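The values are calculated or read from the model by the stated rules, or taken from the named source; none is laboratory data. Remember, it's a predicted structure, so these values are computed and weren't measured experimentally. As a convention, Cβ positions derive from the backbone with ideal geometry for all residues, glycine included, and neighbour counts pool all protein chains shown.
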Amino acid sequence: MDRVLILLRIVCLLQFVLCCDGFLRVAKVSPITVEMGRSVFLDPVHDLKITFPEGADLELIDQSTRRIEREYFQIIVRIMAARSNQKPVASFQASHTVEVNQYTFAPITSDILAASDTETDEGEIIFNITQAFQPGEGSLVNTDDPYQPLTAFYQRDIAQFKIAYRPPATQTDELRMFQVVLEAVDTEGAKSEQILLLIMVKPTNNYAPLVTKNAGLSLFEGQSRAITEELNLAIADKDNFNDVRLQVVGGLRHGELRIMGHKIDTFMATDLEIPVITYHHDNSDTYSDNIIFRLSDGKHDVKFLFPVTIGAVDDTAPTLVYNTGLILDEGEMALVDQYMLSATDIDSEDNKIQFKVISFPNFQENSGSALFQETSVGVLFLRMRNTPESLENWVLQEDGFYEQNVTQFSQFDINNRRLYYRHLGGEVFNDEIAFVMFDQADNPNVSPIKNFPSYHPSRG
Ligand SMILES: [Ca+2]
Ligand SMILES: [Ca+2]
Ligand SMILES: [Ca+2]
Ligand SMILES: [Ca+2]
C-alpha cells in the first residue's frame with residue numbers, strides 16, 4: 001500500500017467527530033456515520049476501507065491487494081456537553097403573517113418566517129412546504145424563477161430577499177385569508193413542528209398607490225442601469241400621485257440607488273417617469289440584489305419586492321482549497337488527490353480550473369518544454385486505466401495503465417484520481433512544484449504563483 005495514502009487518511013481522521021450517542025461521524029463526508037468497531041467506505045470511488053477495531057487502533061485495508069496496514073494511534077476524544085441532534089424550531093419573534101394589499105410580490109422576510117437550529121447554520125435550514133395553497137390562492141416564489149411555485153427553499157434565500165408571495169390575479173372587495181403549512185428541516189433531516197404561515201390579502205383601497213408594473217431589473221456584475229417606468233417599475237395613484245414616494249426598507253445589499261450621481265434611499269414616483277433613478281452594482285460576485293420598497297402616498301403604506309438580477313462576469317481567478325503537499329518514498333509514485341490539491345472559483349466552473357506548472361525560479365511559462373523535466377526532482381503525470389480518446393502522448397504501461405507526463409492538468413483530472421507524482425529517484429529529497437491556476441474566461445483570470453511541496457524520505 002501506498003504510504004502517502006495512509007498519511008492522508010490520518011488527516012481525514014482528524015475530521016471525525018464523536019457524537020454523544022457513541023457514533024463517530026465523518027465531519028467532512030456527511031452523512032456517513034461510523035460506529036466504533038465497524039467499518040465504512042469513506043467515499044464510493046475510494047479503494048481504502050477504514051475500520052475502528054477495539055480502542056483507537058486504525059486499520060487500512062487496500063481493496064485490490066487485500067493488504068492490511070495497521071497504525072496505532074492514541075486519539076484523545078473529548079466529549080463536551082454532549083447531546084443528540086436537536087430539531088429546528090420556528091422563531092417566536094417571527095410574525096408568521098403576511099399582509100398583502102398589492103397584486104405584486106409581497107416579500108417574505110425573516111421577521112415573517114424564521115427558524116433556528118442548534119447544529120445547523122441558519123442559512124442551511126430548509127423550509128419544506130408540506131401543505132400548499134389551493135388553486136387561486138397565489139403561491140410562494142423565488143425571484144430567481146418567479147413563475148415556478150416553490151415546494152421548498154433555504155432560509156438563506158429569505159436572508160437574500162428572494163422569497164415572495166405572489167397573490168392571485170383576481171381582486172375582491174373582501175379580506176381573504178390563505179394559509180400554507182411549512183416545516184423547517186436541518187442538515188441531519190430533523191424536522192420542526194409544523195409552521196403555519198398566514199396570508200391576509202386585503203381589498204384594494206381605491207386611493208392607495210398601486211404598483212402597475214414590476215418587471216425588475218437585470219444587469220451584469222459591476223454595471224449600472226436606469227430604472228424606468230416603461231421597462232421596470234410603474235406606479236399609479238388615483239388622487240395624489242405627486243405625493244407618492246418610494247423608500248428602500250430592505251435588500252439592496254450589493255449596490256445603491258442614485259439620482260444624478262448622488263446616493264439616495266427615497267425618491268418620488270414621478271422620478272420614475274423622467275427617469276432619473278439609476279441602480280449601481282458594487283461589482284461583487286452576487287446573483288441578485290432584490291430591493292424591498294415601502295410605497296406611500298402619505299396616507300396608505302404598502303411594501304413590495306423589486307427583483308434585481310445580476311448576471312455573473314467571470315473576472316476572478318481560482319483560489320486554492322487544499323495544498324497539503326505529499327510524502328512518498330524515493331523513486332516511488334503517488335496519487336495526488338483532491339484533499340492534497342484542489343481549487344475553487346467563485347464565478348466559474350471548478351471542474352474546469354486549469355493548473356499550469358511553471359518553471360522555477362524563472363517563473364517563465366514552459367508548457368510542454370523540456371526545461372521543467374530537466375531541472376525537476378519528480379514529474380507530474382496523468383494515469384488511467386480506460387483507453388484515452390486520443391492515444392497521442394499517452395504511453396501504455398506494463399500494468400495496463402495509460403500514462404502521460406503533464407505540465408498542465410485540470411481539477412477534473414484531480415477529482416477523477418488521474419493525477420500522480422513520481423519521484424525520479426535522484427538523491428534530492430525535497431521538491432517544490434510552482435504552478436498557477438486559471439479559469440476558462442476569454443481572458444483567463446490567473447492566480448498568483450503557488451508551490452506544491454513533496455518530500456521523499458530516503459530508503460533505509
Ligand atoms: Ca439540529
Ligand atoms: Ca393616494
Ligand atoms: Ca465575478
Ligand atoms: Ca473565475
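What the table below lists for this structure:
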| quantity | calculated |
| --- | --- |
| Residue in the range 244-259 that is in contact with a His (Cβ under 7 Å, 6 or more places away or on another chain) and more than 16 Å from ligand 3 (Cβ to nearest atom) present | yes |
| Whichever residue in the range 436-456 is surrounded by 15 or more Cβ atoms within 10 Å (Cβ to Cβ) and aromatic (Phe, Trp, Tyr) and, among such residues, is nearest to ALA334 (Cα to Cα) | PHE452 |
| Per-region count, the range 308-319, residues of a type in the set (Gly, Ala, Ser) and crowded, with 18+ Cβ neighbours inside 10 Å | 1 |
| Residue ID - nearest to the chain's Cα centre (by Cα), chosen from residues in the range 253-267 that are under 17 Å from ASP243 (Cα atoms) and surrounded by fewer than 18 Cβ atoms within 10 Å (Cβ to Cβ) | ASP265 |
| Some residue of the range 219-237 being under 23 Å from SER110 (Cα atoms) and away from ligand 3 (no atom under 16 Å from the Cβ) | no |
| Members of the range 310-336 found to be of a type in the set (Ser, Thr, Tyr) and either at pLDDT 95 or above or over 18 Å from ARG418 (Cα atoms) (or both), listed by number | THR316, THR319 |
| Condition met for ILE433 (buried (at least 20 other Cβ atoms within 10 Å of the Cβ) and either closer than 19 Å to ARG383 by Cβ or in contact (Cβ under 8 Å) with a residue 12 or more places away in the chain (or both)) | yes |
| Residues within the range 420-449 that are away from ligand 4 (no atom under 16 Å from the Cβ) and in a strand (DSSP E or B), tallied | 10 |
| Residues that are of a type in the set (D, E, K, R), more than 32 Å from the chain's Cα centre (by Cα) and surrounded by 15 or more Cβ atoms within 10 Å (Cβ to Cβ), drawn from the range 386-430 | GLU403, ARG422 |
| Pair list, Cβ under 6 Å, 6 or more apart: the range 397-414 residue under 17 Å from ASN351 (Cα atoms), other residue of a type in the set (Lys, Arg) | GLN408/LYS356 |
| Condition check for PHE127: touching a helix residue (DSSP H, G or I) at 6+ places or on another chain (Cβ under 9 Å), modelled with pLDDT of 95 or more, crowded, with 17+ Cβ neighbours inside 10 Å and part of a strand (DSSP E or B) | yes |
| Pairs where the first residue, in the range 215-231, is modelled with pLDDT under 95 and the second is within 16 Å of ligand 1 (Cβ to nearest atom) and in a strand (DSSP E or B), C-beta under 6 Å, 6+ apart | none |
| Failed condition for LYS299, given (1) in a loop (DSSP other than H, G, I, E, B); (2) within 16 Å of ligand 4 (Cβ to nearest atom) | (2) |
| Verdict on LEU210 being buried (at least 17 other Cβ atoms within 10 Å of the Cβ), under 21 Å from PHE293 (Cα atoms) and more than 31 Å from the chain's Cα centre (by Cα) | yes |
| Subset of the range 143-189 (residues that are more than 20 Å from the chain's Cα centre (by Cα), surrounded by fewer than 16 Cβ atoms within 10 Å (Cβ to Cβ) and of a type in the set (A, V, I, L, M, F, W, C)) | ALA169, LEU175, MET177, VAL181 |
| Those residues of the range 320-332 which are aliphatic (A, V, I, L, M) and surrounded by fewer than 18 Cβ atoms within 10 Å (Cβ to Cβ), in sequence order | LEU320, VAL321, ILE327 |
| Residue check for ASP237: under 25 Å from THR204 (Cβ atoms) and either out of contact with any His (no Cβ under 7 Å at 6 or more places or on another chain) or buried (at least 18 other Cβ atoms within 10 Å of the Cβ) (or both) | yes |
| Test: residue in the range 329-349 that is over 30 Å from VAL141 (Cβ atoms) and within 16 Å of ligand 2 (Cβ to nearest atom) | no |
| Filter result for PRO307 (of a type outside the set (Gly, Ala, Ser) and within 16 Å of ligand 3 (Cβ to nearest atom)) | no |
